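Trainee: Sharing a structure here in structure tokens format.
The values are calculated or read from the model by the stated rules, or taken from the named source; none is laboratory data. Keep in mind that what you see is a predicted model, and the values were worked out from it rather than measured. Please note: Cβ atoms are built from the backbone with ideal geometry, for glycine as well, and neighbour counts cover all protein chains shown.
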Ligand SMILES: [Zn+2]
Ligand SMILES: [Zn+2]
């Protein structure tokens, strides 16, 4: 059964994430007594870069695959954790909830606006992507400080 749907994003405003609706394109198939769900989840997320603290928008596209078995999970915790499928106790697969749970874990919590984002100067806060500052950010070996000052005086 081909599936193409769009569901509202999970609420991640507490984490400072703004997400677009989630688009899923794929199919569901019945195999070995389970429903296999396979497809691509796509959405955009806007959040702050962990280095320069500026908002940036990223498009996330991820291949997803999950299998569902109708019934209630067995009592043993170990079986539940080791299973490569999920149990569903209702007659319908709660697709919206499943897609939202997937979308929740996909964005990297340490995401950066670009790979080589230079971030902010830890001393003056200048955005080093835009301009440079003259702060001394290298740590100086304390044993050499006296000597450095001596040479600067000359
Ligand atoms: Zn950045
Ligand atoms: Zn600086």
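Trainee: Is it fair to say residue 26 is under 25 Å from residue 109 (Cβ atoms) and at pLDDT 85 or above? Break it down into steps so the answer makes sense when it comes.
Mentor: Details: under 25 Å from residue 109 (Cβ atoms): no; at pLDDT 85 or above: yes.
Answer is no for this residue.
Trainee: Taking the conditions exactly as written (within 16 Å of ligand 2 (Cβ to nearest atom) and within 30 Å of residue 10 (Cα to Cα)), does residue 111 satisfy them or not?
Mentor: Values: within 16 Å of ligand 2 (Cβ to nearest atom): no; within 30 Å of residue 10 (Cα to Cα): yes.
It is false that residue 111 is within 16 Å of ligand 2 (Cβ to nearest atom) and within 30 Å of residue 10 (Cα to Cα).
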